[in-house]
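Undergrad: I have a structure here, written as structure tokens, and I will follow up with some questions on it.
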Amino acid sequence: GTQILASNNNVQTMLKEFKQKNKFIAAICAAPYALHKAGVLNENYTCYPSFEKKIRDKGYQSLENIVIDDNVITSRGPGTAMCFALEIVKILTNDEIYEEVKNGLLASHC
């Protein structure tokens, strides 16, 4: 799927438009590669371990489950998906709604 996202002209165009319009862009697991190919991945990021070799070592945060660099949000993989999703909720809404959703999901680990 990542290779398809990275080579799809529509996806690449949309990512560039989002970056140009200063909209949030989020990617998890190997998907930051598609952001890299579009030229929208900021300096600091994370992704599925070892996939950074296809992106770049510089700026790769190997110990962080979620990295936010300006309007680009990246996460490591399936085990970090819940916290990644909750972080997006927090960014798009507010701390109160974030806490409400987090508590409703029993996601105290996030």
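The values are calculated or read from the model by the stated rules, or taken from the named source; none is laboratory data. The model shown is predicted, which means the values in this text are computed figures rather than measured ones. No Cβ is skipped: glycine too gets one built from the backbone with ideal geometry, and neighbour counts run over all protein chains shown. Accessible surface areas use protein heavy atoms only, side chains included; no ligands, DNA or RNA. Shrake-Rupley method; radii C 1.70, N 1.55, O 1.52, S 1.80 Å.
Undergrad: Taking the conditions exactly as written (in contact (Cβ under 8 Å) with a residue 60 or more places away in the chain and either within 27 Å of His109 (Cα to Cα) or among the polar types (S, T, N, Q) (or both)), does Phe51 satisfy them or not?
TA: Details: in contact (Cβ under 8 Å) with a residue 60 or more places away in the chain: no; either within 27 Å of His109 (Cα to Cα) or among the polar types (S, T, N, Q) (or both): yes.
No, not satisfied.
Undergrad: On the basis of being polar (S, T, N, Q) and in a loop (DSSP other than H, G, I, E, B), does Asn22 make the cut?
TA: Numbers: polar (S, T, N, Q): yes; in a loop (DSSP other than H, G, I, E, B): yes.
Yes, satisfied.
Undergrad: Tally up the residues in the stretch 56-104 that are aliphatic (A, V, I, L, M), touching a residue at least 24 places away in the same chain (Cβ under 8 Å) and surrounded by fewer than 19 Cβ atoms within 10 Å (Cβ to Cβ), please.
TA: Here is the first cut: in the stretch 56-104, the residues aliphatic (A, V, I, L, M) are 63, 66-68, 72-73, 81-82, 85-86, 88-89, 91-92, 97, 101.
From the residues that got through so far, the ones that are touching a residue at least 24 places away in the same chain (Cβ under 8 Å) too are 72-73, 81-82, 86, 88, 91-92.
Then drop every residue that is not surrounded by fewer than 19 Cβ atoms within 10 Å (Cβ to Cβ), which leaves 81-82, 86, 88, 91-92.
Residues meeting the conditions: 6.
Undergrad: Is it the case that some residue within the stretch 51-71 is assigned to a helix (DSSP H, G or I), out of contact with any His (no Cβ under 8 Å at 6 or more places or on another chain) and not basic (Lys, Arg)?
TA: Yes, some residue in the stretch 51-71 is assigned to a helix (DSSP H, G or I), out of contact with any His (no Cβ under 8 Å at 6 or more places or on another chain) and not basic (Lys, Arg).
Undergrad: Counting only residues that are of a type in the set (D, E, K, R), open to solvent by 60 Å² or more (accessible area, probe 1.4 Å) and under 17 Å from Gln3 (Cβ atoms), how many does the stretch 20-55 have?
TA: Our first condition is that a residue be of a type in the set (D, E, K, R); within the stretch 20-55, this holds for 21, 23, 37, 43, 52-54.
Now restrict to residues that are open to solvent by 60 Å² or more (accessible area, probe 1.4 Å): 21, 23, 37, 43, 53-54.
The next check asks that each one be under 17 Å from Gln3 (Cβ atoms); those that pass are 37, 53-54.
Within the stretch 20-55, residues that are of a type in the set (D, E, K, R), open to solvent by 60 Å² or more (accessible area, probe 1.4 Å) and under 17 Å from Gln3 (Cβ atoms) number 3.
Undergrad: Further question: Name the one entry in Asn103, Asn65, Asn71 that is touching a Ser or Thr at 6+ places or on another chain (Cβ under 8 Å) and not acidic (Asp, Glu). Working first, answer last.
TA: Numbers: Asn103 fails: touching a Ser or Thr at 6+ places or on another chain (Cβ under 8 Å); Asn71 fails: touching a Ser or Thr at 6+ places or on another chain (Cβ under 8 Å).
The conditions single out Asn65.
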